[in-house]
Amino acid sequence: DDDPIGEGIRRVFAALETVSATAGYDDICEVATVSMLDENGRTTCFVSSVTRYFGYSLDTFNAAVANGSDDLLYILSQTNYLDGTPAEIESIFGNAQFDSTTNLLTSADAFVFSIAFPENDAAFDFEEAMLDNILTLRDRWFNEAGNIYRLEISAKRSFDDEFERAIVADTPLVPIVFVVMSIFTMLVFFRKNWIYSRCLLGFGAVCSIFLSIMVGYGILFIIGVPFTSMTQLVPFIMFGIGLDDAFIIIGSYQRMDRSILVLDRVHDTMEEVGVSIFVTTVTSVVAFALGSLSAIPVVYWLCYYVAPTIFITFIYQVTFFVALIALDERRVEEQKRDCFVCLKAPELLLVDGQEKEEEEEEKVPEGTIVDSFMVWYSDMLLKSSVKVIVLVIFFGMFGGLAYSATLMKQEFYFVDVVPSESYLRDFWGSHRLYTGRSDVVPYVVFRDIDQGDSAIQTQMEVYVNKIVAMDEVGGQQPDFFWVRDFQSFLRSQAYMSALVNTFPKDSAAYGTYRNSSLTVAEAMVDVSFERQLDVFLAVPIYSQLYSNNIVRNSEGNVTASRTQVRMSEIDTRSVENQIDALEKQRIISDETPINGKVDPNNWKFFTFDQRYYVWQFYTECPSELLLSAILGVSAVSIISLVFVPHWSSVLFVAPIMCILYVDLLGFLQLCGVRINAVSYISLAMSIGLMVDFLLHILLRFFESKETTRNAKVKDALQTIGTSILIGGVSTFLGVLPLVFSTSTIFNTVFYCFLGLVILGISHGLIFLPVVLSLLGPTVVLELQ
């Protein structure tokens, strides 16, 4: 384009016209709290943009363009708009550069404009239609040949919409995980023999998990616990860990003597594994219950859902699933086919003294390939040379992952949780690139003090200057601060009669001063502060700037006021930088004399931004992680001491859980996961899940009737080891669909589960058995 600046401003006018032409714009802007008057004198939403240089008039702009680009550059270089209001250069231009001699604008990377919609439901609904129109215009510009301009947008509802879109996009993963777990469980329960295959029972196990999830959701909905985006992780967690008990129960049941009654087999099964699955359920519930003590809402709301649902799943397993086993055993006794329960298997015939089926030999399956593998594996693992290799590998792995854990950093960028193709990512990427500044603009608030007192105003100035002196602010003063403009107003030598012509004709100040021969300074000398402020806010420029930043009571006293500073030097991707900024402003507020001996919740001077909530989370996260780890390991250790029938169990559980936790931190760091709200939740729940792999082996080891360490370890691996291995695979498959998620949230959860499954299985089926074979007690205990 021969006139890129003019073309760019025309496109700004076009974008603004698209917004104002959206149905409902006039209605919502009639009640805008930050407003201005349009060309017809009606109240409308305040617009900050380069078009203000031309009085928001396209005709005025075209006239300026007709005079040539030099005239246009001269207008854009002015420090005041046409109405005399100071121009917010950094708010309307991106990376603006000025000639040091002429002070004329030489370049800018972007035009930036904003519209102040009111904060109400109507405006929130309007934004949806407005966004559709702007995004349509955006796509048209993108596809326009030869166009160098791109349009990016962000609205108040954008993050909520895009975050919800990311979650909704992952909703189909829930039925996928149901199908995947059904197929896997049915394969585990499958046998070549039609009668002794139990695929339908496997499907029933998956259904029991689904029912427990529904019951858990229902109870929490009735209680009124908020349903957040993070609570959608519950199905993946429960499908991942809920089936472990089913595998352990059916594994034990199939080892029982088939010659005894079904009722007695069920009794013996629950006597063998009942304590084991109960203890692991308790440890998981306690781990999530401790997570609910967190001060972070998103964490404790998820824990509120998961903790009771885990216990409900246990109830379903020992009642509903056990009942399904009894029903399926009746099918077996009646020689009916698996899945096709209405069809009876072929009758047995005697041929040459041998029992044969019409089509295949009738035979009770003796075990699966996994059972055979565990027999071979247990023999190999307990060789002396293998034990040495295992210990060397695991202690070496611990050292490497412990070092990796020391490199773990906090990092979170909010657009990471929206879809990768989201327009919000494009907006903030362009904002950083073309403006070179952050969007963190906290309010500096003053309240509950006499702001008409000159001494208080001096303290307000000092406080603002200290905030401005922060490295993150970089010395940039607020664009507008009412105290400074008010004091300049009181010193003004302009005549009141001239100034008053700009006042609203129905204002009291207009009637009082329209014929005055005094200057502003002279007229304001003996007037009360409240009256001075009335006159000050009657000036249209000041009214527009400060009416919404000064709160007054019915007597006209100022009860609260505010200004804004831009933390232009803060790195919004650096957690450390954000924590430092939060702490620095807090120290400044704490050391301010007027805040002395005042509770921080009631400080007179303070700064505030919505991001402070996130920054406070970053501040609390390391200590909360450490606390949750200590409480979690302590809790599962105490539980093992109470329920495992030997005091020495705690000597195995506590240290190995510490090793597992450190290993998991190191593993996540290697996967590129950083400490943030999502990984915090994953780490908080990991203790209750990883301990399951240890407790099942420990309980079986102590219950074994064998008399030597090696024999007891073999017994544990060859009995419950198969179920643990299958359960670990099912946990992995339960969260596997999350790897296809478009959201960083679910991807992070996937990596955490991948780590806890790999580490849990390896320590439960390799490291712990070797340790028990060397240090485990040889007593034979009988559970009561």
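With respect to the conditions (1) outside any loop (DSSP other than H, G, I, E, B); (2) out of contact with any strand residue (DSSP E or B) (no Cβ under 6 Å at 6 or more places or on another chain); (3) of a type outside the set (G, A, S), Y463 lacks only one, and its number is (2). All conditions but one from (1) within 16 Å of L733 (Cβ to Cβ); (2) crowded, with 22+ Cβ neighbours inside 10 Å apply to F203; the one that does not is (2). Restricting region 545-575 to residues that are open to solvent by less than 50 Å² (accessible area, probe 1.4 Å) and of a type in the set (G, A, S), the residue that is farthest from A508 (Cα to Cα) is S574.
In this structure, does S438 turn out to be out of contact with any His (no Cβ under 8 Å at 6 or more places or on another chain), surrounded by 17 or more Cβ atoms within 10 Å (Cβ to Cβ) and part of a loop (DSSP other than H, G, I, E, B)? Can you show your working first?
Numbers: out of contact with any His (no Cβ under 8 Å at 6 or more places or on another chain): yes; surrounded by 17 or more Cβ atoms within 10 Å (Cβ to Cβ): yes; part of a loop (DSSP other than H, G, I, E, B): yes.
So S438 passes the test.
For region 488-544, the tally of residues that are without any contact (Cβ under 8 Å) to a residue 24 or more places away in the chain, farther than 25 Å from E555 by Cα and open to solvent by 50 Å² or more (accessible area, probe 1.4 Å) stands at 5.
So, in region 9-53, of the ones that are under 19 Å from A123 (Cα atoms) and either in contact with a Gly (Cβ under 6 Å, 6 or more places away or on another chain) or small (G, A, S) (or both), which residue ends up modelled with the lowest pLDDT? Write out each step before concluding.
The first filter runs over region 9-53 and keeps only residues under 19 Å from A123 (Cα atoms), leaving 15-38, 42-48.
Next, only the ones that are either in contact with a Gly (Cβ under 6 Å, 6 or more places away or on another chain) or small (G, A, S) (or both) stay: 15, 20-21, 23-24, 32, 35, 48.
Details: A15: 94, S20: 92, A21: 93, A23: 93, G24: 92, A32: 81, S35: 77, S48: 89.
Looking at the filtered set, the residue picked out is S35.
Looking across region 34-85, the residues that are in a strand (DSSP E or B), open to solvent by less than 50 Å² (accessible area, probe 1.4 Å) and of a type outside the set (A, V, I, L, M) come down to S35, T44, C45, S48. Only one entry of A155, A122 meets the criterion of being open to solvent by less than 30 Å² (accessible area, probe 1.4 Å) and either aliphatic (A, V, I, L, M) or part of a strand (DSSP E or B) (or both), and that entry is A155. Selection of region 130-145 for residues being in contact (Cβ under 8 Å) with a residue 12 or more places away in the chain and either farther than 19 Å from F46 by Cα or in contact with a Cys (Cβ under 9 Å, 6 or more places away or on another chain) (or both) yields N133, L135, L137, R138, W141. Pairs, please: C-beta under 8 Å, at least 6 apart or cross-chain, first residue closer than 25 Å to I724 by Cα and in region 161-190, second charged (D, E, K, R) and part of a helix (DSSP H, G or I)? From region 161-190, no pairs qualify. Applying a threshold of 8 Å to beta carbon distances and a minimum spacing of six or more residues, or different chains, the list of pairs starting in region 452-466 at a residue that is more than 11 Å from T563 (Cβ to Cβ) and ending at one that is open to solvent by 40 Å² or more (accessible area, probe 1.4 Å) and not polar (S, T, N, Q) reads G452/E530; I456/D450; Q459/P593.
For region 23-33, the count of residues that are surrounded by 19 or more Cβ atoms within 10 Å (Cβ to Cβ), touching a strand residue (DSSP E or B) at 6+ places or on another chain (Cβ under 7 Å), part of a helix (DSSP H, G or I) and touching a residue at least 60 places away in the same chain (Cβ under 8 Å) is nonzero.
Residue count for region 624-657, restricted to those that are under 26 Å from the mean Cα position of the chain (by Cα) and in contact (Cβ under 8 Å) with a residue 12 or more places away in the chain: 7. In a residue-by-residue description of region 684-691, the property of being modelled with pLDDT of 85 or more and either surrounded by fewer than 24 Cβ atoms within 10 Å (Cβ to Cβ) or among the charged types (D, E, K, R) (or both) applies to no position. Would a scan of region 206-227 turn up a residue that is open to solvent by 30 Å² or more (accessible area, probe 1.4 Å) and within 23 Å of D371 (Cα to Cα)? Among the residues of region 206-227, not one is open to solvent by 30 Å² or more (accessible area, probe 1.4 Å) and within 23 Å of D371 (Cα to Cα), which makes the answer no. Among the residues of region 723-771, which ones are part of a helix (DSSP H, G or I), more than 22 Å from I687 (Cβ to Cβ) and open to solvent by less than 10 Å² (accessible area, probe 1.4 Å)? P737, V770, listed by residue number. Criterion applied to I209, I183, I249 was being more than 30 Å from the chain's Cα centre (by Cα), within 30 Å of F643 (Cα to Cα) and modelled with pLDDT of 90 or more, and the one residue passing it is I249.
Modelled with pLDDT of 85 or more, of a type in the set (F, W, Y) and touching a helix residue (DSSP H, G or I) at 6+ places or on another chain (Cβ under 6 Å): is that true of F398 in this structure? So F398 fits the description; yes.
Got a sec? Which of E7, E39 is in contact with a Phe, Trp or Tyr (Cβ under 8 Å, 6 or more places away or on another chain) and without any contact (Cβ under 8 Å) to a residue 24 or more places away in the chain? Full working, then the answer.
Values: E7 fails: without any contact (Cβ under 8 Å) to a residue 24 or more places away in the chain.
Exactly one residue qualifies, and that residue is E39.
Being at pLDDT below 90, among the charged types (D, E, K, R), surrounded by 13 or more Cβ atoms within 10 Å (Cβ to Cβ) and within 29 Å of the chain's Cα centre (by Cα) is true for just one of E421, E411. Which residue is that?
Only one candidate qualifies: E411.
The set of residues in region 581-593 being in contact (Cβ under 8 Å) with a residue 60 or more places away in the chain and surrounded by fewer than 17 Cβ atoms within 10 Å (Cβ to Cβ) consists of P593 alone. Does Q457 count as over 30 Å from A110 (Cβ atoms), assigned to a helix (DSSP H, G or I), of a type in the set (S, T, N, Q) and modelled with pLDDT of 90 or more? It is true that Q457 is over 30 Å from A110 (Cβ atoms), assigned to a helix (DSSP H, G or I), of a type in the set (S, T, N, Q) and modelled with pLDDT of 90 or more. On the stretch given as region 287-330, residues that are part of a helix (DSSP H, G or I), touching a residue at least 24 places away in the same chain (Cβ under 8 Å), of a type outside the set (S, T, Y) and open to solvent by less than 50 Å² (accessible area, probe 1.4 Å) total 22. Filtering region 248-263 to residues that are open to solvent by 70 Å² or more (accessible area, probe 1.4 Å) and in a helix (DSSP H, G or I) leaves Q254, R255, L263. Within region 500-518, being under 50 Å from the mean Cα position of the chain (by Cα) and either aromatic (F, W, Y) or in a helix (DSSP H, G or I) (or both) holds for one residue alone: F503. Kindly establish whether S628 is open to solvent by 20 Å² or more (accessible area, probe 1.4 Å), hydroxyl-bearing (S, T, Y), in contact with a helix residue (DSSP H, G or I) (Cβ under 6 Å, 6 or more places away or on another chain) and part of a helix (DSSP H, G or I). Criteria met by S628.
Taking region 132-150, which residues are part of a loop (DSSP other than H, G, I, E, B) and either surrounded by fewer than 17 Cβ atoms within 10 Å (Cβ to Cβ) or at pLDDT 95 or above (or both)? Passing the criteria: N143, E144, A145, G146, N147, I148, R150.
Total residues in region 694-737 satisfying the condition of being closer than 15 Å to V770 by Cα and under 28 Å from the mean Cα position of the chain (by Cα): the figure is 0.
The values are calculated or read from the model by the stated rules, or taken from the named source; none is laboratory data. Keep in mind that what you see is a predicted model, and the values were worked out from it rather than measured. Here the Cβ is made from the backbone with ideal geometry for all residues, glycine too, and neighbour counts use every protein chain on show. Remember, those area values only see protein heavy atoms, side chains included, never the ligands or the DNA or RNA. Shrake-Rupley method; radii C 1.70, N 1.55, O 1.52, S 1.80 Å.
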